[in-house]
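Just so you know, all these numbers are worked out from the coordinates, no wet-lab data involved. Treat the numbers as computed from the prediction; the structure is a model and nothing was measured. Note that each Cβ is placed from the backbone with ideal geometry, even for glycine, and that neighbours are counted across all protein chains shown.
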Amino acid sequence: MHPTPDLENVLRDLDRHVSADGWNQPPRLFALVAEDGGVSVVEQPWESNGEDVLRDLARISWPSDVTGAALSVQRILEPDHDVRLTVGALRTQEVATALRYRAHDQDAEVAIAANLAPRLERAVWDTLQG
């Protein structure tokens, strides 16, 4: 399943925003709020060092006016293959991930699809259920 244009646009914008600060960043957390026919993205203060992001996400819940959530985190898939995953979830049960390889660090090279990071996608979506 491919994400809707709205979620895809949010993930592309977030990926570009986070990428502007370079690599080797801590995980970053965002609330998605519906406003004026669009979605506003609000970065949240978050104390996660990235060692156990799934555990850290399990401690989060959002108020009902938050329509979605997103997480940006860097991972090493194998030596010399750093990636940044920007995972988004909406209360409508739509989830997707933007994937940027450090070796191909260009906006045009970012892939966006559902199920690229199923455990992270589920963990972000779960934060909206509490």
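Scanning segment 86-99 for residues that are surrounded by 21 or more Cβ atoms within 10 Å (Cβ to Cβ) and either under 21 Å from GLN129 (Cβ atoms) or among the β-branched types (Val, Ile, Thr) (or both) turns up THR86, VAL87, GLY88, ALA89, LEU90, VAL95, ALA96, THR97.
A quick yes/no check of all residues on (1) within 20 Å of VAL110 (Cβ to Cβ); (2) surrounded by 14 or more Cβ atoms within 10 Å (Cβ to Cβ); (3) in contact with a Phe, Trp or Tyr (Cβ under 8 Å, 6 or more places away or on another chain):
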residue	(1), (2), (3)
VAL39	yes, yes, no
VAL42	no, no, yes
GLU47	no, no, no
ARG59	no, no, no
ASP65	no, no, no
SER72	yes, yes, yes
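Of all residues in segment 67-125, exactly one satisfies the criterion of being basic (Lys, Arg) and under 19 Å from ASP6 (Cβ atoms), namely ARG91.
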